[in-house]
């Protein structure tokens with residue numbers, strides 16, 4: 001029994017020792033992605049930026065802060081607790097007003113980086129005490145102010161028609177460098193949908209003499225807080241804006257269709273005109289081509305006729321020359337014959353004729369079938385046939401004036 005009581009006492013002392021050790025433990029732990037602000041019993045404050053175990057001191061008070069705080073505005077309404085979750089706090093969608101008095105609800109996210117300087121971090125801690133307080137009292141109002149200032153620089157129609165990127169750029173610029181100082185001027189613009197002039201208020205950024213935008217002092221710069229990034233993920237216009245934009249879109253669509261139809265008609269007219277001009281060019285070209293062909297053919301015929309005439313003239317002159325040549329040759333031949341005949345009394349011709357007569361004579365004699373010598377002779381002397389042949393020869397010689405007697 002005494003043994004059990006002793007053991008119980010030792011156990012109680014050990015538990016109390018552990019609890020006291022945990023309470024008065026001078027060491028602490030800093031998670032990665034966080035920094036820890038330490039308040040010691042002597043009033044000294046330090047900030048542990050590095051992750052891991054560090055010496056905090058006995059009975060020190062510790063407060064964890066994220067290195068980055070994301071302010072998100074995605075939900076329709078802000079939660080009541082504004083507790084930090086995943087280093088971010090939801091503040092609900094932000095309502096903005098464009099310079100044409102129309103409104104919209106904005107969704108987005110902005111990431112703030114807490115300072116790495118210990119003095120600035122201690123100032124933030126002493127001023128706001130918790131991340132939720134920092135967001136609700138400084139980061140959230142500053143974000144809304146920058147958004148609303150950016151929306152004042154354009155109308156909802158301009159934003160819808162291509163001003164989203166400009167608004168996002170103005171928003172980020174003001175987050176980093178301070179909210180613009182704006183000025184508003186009254187003006188009038190013609191509303192094509194309602195067909196009347198409407199009063200508008202044109203908001204512009206005030207500029208200093210150097211041409212730089214005038215700004216309010218940034219409520220986060222004085223604490224060393226910087227902006228990592230900011231994104232506007234959605235803008236939901238009010239119903240009246242949606243109705244107006246629907247009308248504008250319908251009118252723009254009809255106008256675009258009308259313009260397209262006009263352009264199509266104009267293009268068709270131009271095409272028809274171009275086609276007609278091309279046809280005329282083709283006809284003119286073909287006509288000129290035919291004319292040129294006819295002219296060339298006519299000129300060719302003329303040239304051919306000229307050449308044919310020249311050829312005929314050449315042939316005619318050649319024929320004349322040939323006839324003249326032949327006549328001259330014939331004259332020469334006749335002259336030679338005449339001269340020859342005159343020189344020997346036409347002896348050769350006469351001899352030729354006499355020889356032919358002799359040939360005919362003896363040929364005829366050869367064909368004679370009778371008796372050359374008479375069967376009965378009454379007296380002496382030569383044959384009458386032979387004498388007759390000799391007489392014929394003598395007659396031929398006499399007719400040709402041939403002297404066949406031997407010359408003495």
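For the reader, a short list of remarks on this structure follows.
- Residue 122 meets each of the listed conditions (1) at positive phi; (2) buried (at least 16 other Cβ atoms within 10 Å of the Cβ); (3) modelled with pLDDT of 90 or more apart from (1).
- Of residues in the stretch 73-101 being touching a residue at least 24 places away in the same chain (Cβ under 8 Å) and under 25 Å from residue 123 (Cβ atoms), the one surrounded by the fewest Cβ atoms within 10 Å (Cβ to Cβ): 83
- So residue 162, is it at positive phi and either within 39 Å of the chain's Cα centre (by Cα) or assigned by TED's automatic domain parsing to the domain that holds residue 100 (or both): yes
- Tally of residues being farther than 15 Å from residue 177 by Cα and crowded, with 22+ Cβ neighbours inside 10 Å across the stretch 132-153: 3
- Filter result for residue 115 (in a loop (DSSP other than H, G, I, E, B), over 45 Å from the mean Cα position of the chain (by Cα) and at pLDDT 90 or above): yes
The values are calculated or read from the model by the stated rules, or taken from the named source; none is laboratory data. The structure displayed is predicted, hence computed values, not measured ones. Neighbour counts run over all protein chains shown; Cβ positions are idealised from the backbone, glycine included.
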